[in-house]
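This report concerns only the one structure given below.
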Amino acid sequence: MADPEFNRDFDPAYGIAVPVADGVQRITVNNPSAFTFHGTNSYIVGDKSVAVIDPGPEDEAHFQALMAALAGREVTHIFVSHTHRDHSPLAARLKLATGALTVAEGPHRAARPLHEGERNPFAESSDTDFVPDIALGDGKSISGDGWALTALHTPGHTANHSAFALDDSGIVFSADHVMAWATTIVAPPDGSMSDYMASLAKLLKRKDRMFLPGHGGPVNDPTAFMRGLRAHRRMREKAVLARIKAGDRTIPDMVKIIYRSTDPRLHGAAALSVLAHIEDLIEKGEVQTDGPPSLGGVYLPR
């Protein structure tokens, strides 16, 4: 199965404010993992009066790096793309230090209610304490001194995920929805594959020139890259359906075949991705199961 043309060439330059576009700096948190790549990217937008996008996890070194980069500048807003713990927790401390207002789509929530007996595998990764001062709806903008950011509600990775467009620049801060280094984790019940695909279609209509993601380096040809992502997801869906038609009845059996070349550390996330595809296939009437779909479910073609 062909992958999109990922770019994993990235120097995190931990603790350094790296200019990445006119009026935009990036500081990367030293929190590398199989899920965060080299770490979470925080962005500073503006000159004398600025906004911070995705302050990151509660990390002392990163907080000090942000404060050093912000010295002598007014911080008016702190934008949060979504409420996973590698993106939002430092917002509270940064707000206290700067007096800035926090901005996001809303508090953390799952894409759907938990089924009876179901456990949210990403519950510990979710920042349920964060509540924004400003709940910024889709298409709504906030302006500062020489900058304006418009919210693009892009559920899929999480229900409250938003990307932020830097107006009149062709730049979108795509957070975890589109990243150059890897595909996005879509894991029920936090995430939804049908929502993710709809959000991808929404961004494809925009024709932006560059995405600055939550992890890794920029996406320099977003339209072509997102077409590759969309094709990849459609191929994954076909692969899941093919395995079910071939006689695989459980998600672990499907993962062993479909993700045989994937880092085994990511097989748990891969199983959740398969579940997300199965939920979508059930909605489309192509797969059936007894009761609500789950990681331990038994699946049959319809």
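The values are calculated or read from the model by the stated rules, or taken from the named source; none is laboratory data. Everything quoted here is computed from the prediction, not taken from an experiment. Reconstructed Cβ throughout: ideal geometry from the backbone, glycine too, with neighbour counts over all protein chains shown. Please note that ligands, DNA and RNA were not included when accessible areas were found on the heavy atoms of the full protein model with its side chains. Shrake-Rupley method; radii C 1.70, N 1.55, O 1.52, S 1.80 Å.
If the requirement is being within 22 Å of the chain's Cα centre (by Cα), open to solvent by less than 20 Å² (accessible area, probe 1.4 Å) and either of a type in the set (Asp, Glu) or under 28 Å from residue 19 (Cβ atoms) (or both), which of these qualifies: 77, 84?
84
Any chance segment 10-27 includes a residue that's assigned to a strand (DSSP E or B), of a type in the set (D, E, K, R) and more than 29 Å from residue 231 (Cβ to Cβ)? Write out each step before concluding.
We begin by selecting, within segment 10-27, every residue assigned to a strand (DSSP E or B); these are 18-21, 24-27.
Checking the rest, the ones that are also of a type in the set (D, E, K, R) come to 26.
Subset that is more than 29 Å from residue 231 (Cβ to Cβ): none.
No; the residues of segment 10-27 include none that is assigned to a strand (DSSP E or B), of a type in the set (D, E, K, R) and more than 29 Å from residue 231 (Cβ to Cβ).
Report yes if some residue within segment 105-122 is surrounded by fewer than 16 Cβ atoms within 10 Å (Cβ to Cβ), of a type outside the set (Asp, Glu), more than 19 Å from the chain's Cα centre (by Cα) and not in a loop (DSSP other than H, G, I, E, B); otherwise report no.
No, because not a single residue in segment 105-122 is surrounded by fewer than 16 Cβ atoms within 10 Å (Cβ to Cβ), of a type outside the set (Asp, Glu), more than 19 Å from the chain's Cα centre (by Cα) and not in a loop (DSSP other than H, G, I, E, B).
What residue, among those in segment 189-204 that are assigned to a loop (DSSP other than H, G, I, E, B) and either touching a Gly at 6+ places or on another chain (Cβ under 9 Å) or open to solvent by 40 Å² or more (accessible area, probe 1.4 Å) (or both), is nearest to residue 279 (Cα to Cα)?
The extreme case among them is 192.
Quick one: what pairs do we get from segment 225-236, first residue in a helix (DSSP H, G or I), second open to solvent by less than 50 Å² (accessible area, probe 1.4 Å) and aliphatic (A, V, I, L, M), C-beta under 6 Å, 6+ apart or different chains?
225/219; 226/200; 226/204; 230/200
Only one of these is open to solvent by less than 60 Å² (accessible area, probe 1.4 Å) and either in a loop (DSSP other than H, G, I, E, B) or without any contact (Cβ under 8 Å) to a residue 24 or more places away in the chain (or both): 255, 274. Name it.
Values: 274 fails: either in a loop (DSSP other than H, G, I, E, B) or without any contact (Cβ under 8 Å) to a residue 24 or more places away in the chain (or both).
After applying the criteria, what remains is 255.
Can you pull out every residue in segment 141-173 that is closer than 23 Å to residue 191 by Cβ and either hydrophobic (A, V, I, L, M, F, W, C) or open to solvent by 50 Å² or more (accessible area, probe 1.4 Å) (or both)?
Those that are closer than 23 Å to residue 191 by Cβ and either hydrophobic (A, V, I, L, M, F, W, C) or open to solvent by 50 Å² or more (accessible area, probe 1.4 Å) (or both): 151, 152, 159, 163, 164, 165, 172, 173.
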